[in-house]
Amino acid sequence: MHRIPEHVSVKSALAKLIGVDSRGVLSVYLNTSPDRVAGEAWRISYKNQCRDARCGLPEPSVAAFDRAAAEVLETLETSSLGAPGRALFLSEEPEFFYSVSLPSPPKEVVAWGTAPRLEALQRAADDFERFGVVLLDKERARLFTVVGAKIEVSHSFEDDVPGKQATGGWAALAQSRYARHREERVRRHVARAIAALETLNASRPFRRWFLGGSPEAVARFQNDLPPDLRETVRGELHLELFASDADVLGAALAASETAEREFEHTKVDNLLESTSRSTLGVDLTVEATEDRRVGELVVADSFDSPGGVCRTCDRLVPARRQCPLCGGEPDLVPDFRQRLLDRALRLGAAVEIVSGAAADKLMEHGGVGSWTRF
Ligand SMILES: [Zn+2]
């Protein structure tokens, strides 16, 4: 029997899988970035990993492992691998089969045990949520990452920069040399802070970060940033360099909330203003999803719609209409919204759920829309 996995988000997978204890669970993490899928490198890698995992198993588990490994392969071969990474978890219990799209390629794993392997899933959840904070003036720098409303790592350093006025009765020439010397020290301090931010981003990746401190140092820091970091800075924090960790955390969480709301607002505004490669409203968005054109689904948290599934061809059909593909009759389903989300995720689309004012605005246009691939 060919089971179809339930497609779930990283967060809901964690909620379902943490604490699970079973006779045997297969956990699979695969790198499904475009070059791996095109050359089918993922398949060779998956088979090799299965062979290695099978070697260490006690005899009674081998048959169950083989069945699960074959089931995963069949699922991967018959589904679209749109996301850069995929995690699958399954046991022989009928409902226990989950598939998760990952935002970045994971370290590949095939493992069998009584509990699912969740480290990489947890890391993906953290990476998604994490943000960075930099406070600096001309001599000091403090860097933080924040995950789950807590400071995860913090790091600070000072550079010795001489004061503005040289003491003693120097001539004008000496004064200007002194100023250049000071200027060079400040430049080095800023460069060191940027390098520290890059190192932090490499070890604890964040999709957004915030900057605060003395206006002059902040301006120079921003000016010297490499483009990828300049694109992800989301706002300024008004904090003293000596602020307590608790104050830094409070200000950063508030800024992050605001930035997230602005991000959702911009996303909805762009969609409403778009004239190509996008859809608005349930009819066109369901059609684009079923035609496998959707790259990103944007859904208001309050969105819901009546709808059904075509008895003949399994297509999602909004409201009580006939199937536009085959003219068949749909069976109405109580969870049409969830089925639309599942189908988009299964096709490798990203799903962004917006709330608050952005959701209200999207609800005026049907509550759902999408960016399409073509
Ligand atoms: Zn149909």
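Each reported figure results from applying straightforward, stated rules to the coordinates on display, with no laboratory input. All values derive from a computational prediction rather than experimental measurement. As a convention, Cβ positions derive from the backbone with ideal geometry for all residues, glycine included, and neighbour counts pool all protein chains shown.
When you filter the trypsin sites (Lys or Arg not before Pro) in the stretch 288-336 for DSSP loop state and at most 14 other Cβ atoms inside 10 Å of their Cβ, you are left with Arg311, Arg320, Arg321.
Taking only alpha carbon atoms, the stretch 1-147 gives an Rg to Rh ratio of 1.07, where Rh is the Kirkwood radius.
Computed log10 I(q)/I(0) for the stretch 130-263 at 0.16 Å⁻¹: -0.78, from the Debye equation with unit scatterers placed on every C-alpha and solvent omitted.
A protection proxy built from the mean count of other Cβ atoms within 10 Å ranks the segments 294-304, 180-190, most packed first, as 294-304, 180-190.
Scoring 363-373, 37-47, 66-76 by mean Cβ neighbours within 10 Å over their residues and listing the highest first yields 363-373, 66-76, 37-47. Straight-line cross-link reach from Lys267 at under 26 Å between alpha-carbon atoms covers these lysines, not counting any fewer than eight positions away in the same chain: Lys11, Lys361. For the stretch 88-102, the Karplus equation 6.51 cos²θ - 1.76 cosθ + 1.60, evaluated at θ = phi - 60°, returns couplings of 10, 9, 8, 10, 7, 5, x, 8, 8, 7, 10, 10, 10, 6, 10 Hz by residue, with Gly and Pro reported as x.
Membrane-span-like helices in the chain, defined purely by DSSP H runs whose alpha carbon atoms cover 30 Å or more axially and whose average Kyte-Doolittle hydropathy reaches -1.0, are 172-203, 245-273.
Give the residue from Val218, Ala179, Ala243 lying farthest towards the positive end of the charge dipole for the stretch 130-263; charges sit on Cβ (+1 for Lys and Arg, -1 for Asp and Glu) and the dipole is referred to the Cα centre. Comparing the listed Cα positions along the dipole, Ala179 ranks first.
Of the chymotrypsin sites (Phe, Trp or Tyr not before Pro) found in the stretch 182-273, those in coil by DSSP whose Cβ has at most 13 other Cβ atoms within 10 Å are Phe242. Contact order for the chain, expressed relative to its length and based on alpha carbon pairs under 8 Å spaced 6+ residues apart, stands at 15 percent.
Cα centroids of the stretch 36-112 and the stretch 298-316: 29 Å apart.
In this Cβ point-charge picture (+1 for Lys and Arg, -1 for Asp and Glu), the chain has a dipole of about 920 debye about its Cα centre. Peptides 84-97, 126-139 ranked from most to least packed give 126-139, 84-97, packing being the mean of other C-beta atoms within 10 angstrom over each peptide's residues.
Need the list of aspartates and glutamates near Lys107 for cross-linking: C-alpha distance under 13 angstrom, and skip anything on the same chain fewer than eight residues off. Partners within reach: Glu119.
Say each of Glu198 and Asp228 gets a label point 7 Å from the Cα, pointing the same way as Cα to Cβ; how far apart are those two points in nm? Reported label-point gap for Glu198 and Asp228 is 1.0 nm. Expressed as a whole percent, the proportion of Cα-Cα pairs in the chain lying more than 29 Å apart is 56%. Rounded to the nearest 20 debye, the dipole size of the stretch 172-256 about its Cα centre is 360 debye, using +1 on the Cβ of Lys and Arg and -1 on the Cβ of Asp and Glu.
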